[in-house]
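Quick note: the coordinates plus some simple rules give every number you see, no bench work behind them. Source: prediction; values computed, not measured. Neighbour counts are summed over all protein chains in view; Cβ atoms, including those assigned to glycine, are modelled from backbone coordinates with ideal geometry.
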Amino acid sequence: MAKKRTSNSTSTGADVKELSKAKIDEPLQFHVIFFNDDFTTTDFVVSVLMVVFNKPQAEATALMLKVHHEGSAVVGSYSFDMAMSKANRATAIARHEGFPLKITVEEA
């Protein structure tokens, strides 16, 4: 944690240095959510989760099954810029491959 030094003068003219803690807020987190559809293949979803979201195969498969059975699933939580970047990249890959995979980004 960063500390900020401030200087105060006393009545004798001597400088007294104080250390104060600067408050740093954690950035807001945003969920990336995949939605089930009848056209995007399960293998493709697993591949995107592994390549774009850096998920190991077992986790990617579990997430794909959750999307398939429950209709949607949070596949990751990131800062806004990272969430949008990953969602946009995954969407672009899906469109390039001809899949209508729906992905949204929502505040956690």
What pairs from 55/86; 23/86; 55/102 go past 23 Å between their alpha carbons? 23/86
Classify region 30-107: rounded, prolate or oblate, from the alpha-carbon gyration tensor (a ≥ b ≥ c, eigenvalue square roots; a/c under 1.5 rounded; otherwise prolate if a/b is larger than b/c)? rounded
Residue 94: net charge of surrounding residues, Cβ under 15 Å, Lys/Arg +1, Asp/Glu -1, itself excluded? 0
The ³J(HN,Hα) series, computed from each phi in region 26-33 with the Karplus coefficients 6.51, -1.76 and 1.60 at θ = phi - 60°, rounded to the nearest Hz and given as x for glycine or proline, is 5, x, 4, 9, 10, 8, 9, 10
